[in-house]
Amino acid sequence: WALLTLSLGAVWITECLNTAIEATINLESPEPHPMAKIGKDVAATASLVASAVFVIIVILILLPRLFDRLALPGT
């Protein structure tokens, strides 16, 4: 459970950092700029990767338990 909690916390942290980075970029560069887009895209990618890792961890930890519960008796 600790690994699940830590990985979910990492998702929340990266989402907060993504929001902070986007707000800072918008404040500094209100007009569209290619470098601003790259910064926002990288921050969003970090959030996406953290979410994907969380899903993988959930699958690796909880899926075997689910299969054990769904197994037919006597098999």
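FYI, it's all coordinate maths here, none of it is from the lab. In this text, all values refer to a predicted model and were calculated from it rather than measured experimentally. Every residue, glycine among them, receives a Cβ derived from its backbone with ideal geometry; neighbour counts consider all protein chains shown.
With everything on Cα atoms, drop me the angle between helix 2-28 and the longest principal axis of the chain, reported from 0 to 90° to the nearest 10.
Value to nearest ten degrees: 10.
Which three extents, in whole angstrom, do the alpha-carbon atoms of the chain cover along their principal axes, largest first?
Projected onto the principal axes, the Cα atoms of the chain cover 66, 21, 11 Å.
Take His33 and Arg65, extend 7 Å from each Cα along the Cα→Cβ direction, and tell me the distance between the two endpoints in nm.
Inter-label distance under the simple model: 4.8 nm.
For helix 34-70, what angle does its Cα long axis make with the longest principal axis of the chain, in degrees from 0 to 90 and rounded to 10?
Helix 34-70 sits roughly 10 degrees off the main axis of the chain.
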